[in-house]
């Protein structure tokens, strides 16, 4: 699988190509460009899987606000992708484990994701509404909006979530 490392500006073109191949469209790479330019991404949590100098996987986290009392800065995972030839070979799992460990070490209290309900629970994600966390958009199915509490999470961290503006365009 290679090496898991921080994404650099030199990786951005390869990451965008990877996202387009993995999702079969440009929407995710365009979203990532908007997130990067808006300052929403958390660079210390945006990682790549590098196989012999070829980017085969990517994971990115963005600042979001949990409208708890008081409001709490948390992160949302988006996007994450593995190039099709490397899927089901542990690349996504390695990216998830490393990025969650880094988020926990940075004191991030909570990670949110809108994603496949069959994939994320194996990393400790649960339906966010079961924790009193409301999705940013009403049309997200409960089973697809998930949360993973980390070490710094506290019970008062509940309420609606506000994602950065670039997400409004998807």
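Any read-out appearing in this document is the output of simple, stated calculations on the displayed coordinates, not a laboratory observation. Please read all numbers here as calculations on a predicted model, not as lab measurements. Cβ placement follows ideal geometry from the backbone for every residue including glycine, while neighbour counts extend to all protein chains displayed.
Observations on the model:
- For the chain, the 222 nm mean residue ellipticity estimated from helices alone, with every DSSP H stretch of n ≥ 4 adding -39500 (n - 2.57) and the total spread over all residues, rounds to -7500 deg cm²/dmol.
- By the count of other C-beta atoms within 10 Å, a proxy for reagent exposure, 148, 97 are ordered fewest to most as 97, 148.
- Shape parameters for the chain, alpha-carbon atoms, Rg then Dmax in Å: 15.2, 47
- Between helix 12-23 and the chain there is an angle of about 80 degrees, using the helix long axis and the longest principal axis of the Cα atoms.
- Among 104, 69, 139: highest mean-square fluctuation, GNM of the chain, C-alpha pairs under 10 Å: 139
- Extension gain, residue 5-residue 53: 0.36 nm per intervening residue step, less the Cα-Cα distance, totals 16.1 nm.
- Rounded tilt (10° steps) of 27-38 against the dominant C-alpha axis of the chain: 70 degrees
- Helix axis angle, 91-105 relative to the chain longest principal axis, alpha carbon, degrees: 50 degrees
- Choice from 20, 65, 151 with maximal GNM fluctuation in the chain (Cα, 10 Å cutoff): 151
- Principal semi-axes of the equivalent ellipsoid, √(5λ) from the alpha carbon gyration tensor of the stretch 105-170, are 18, 15, 12 Å from largest down.
- Potential lengthening between residue 116 and residue 21 on full extension [0.36 nm per residue; Cα-Cα distance subtracted]: 32.4 nm
- Counting other Cβ atoms within 10 Å as a rough exposure proxy, the listed residues 21, 36 run 21, 36 from fewest neighbours to most.
- The order of 142, 169, going from fewest to most other C-beta atoms within 10 Å of their C-beta, is 169, 142.
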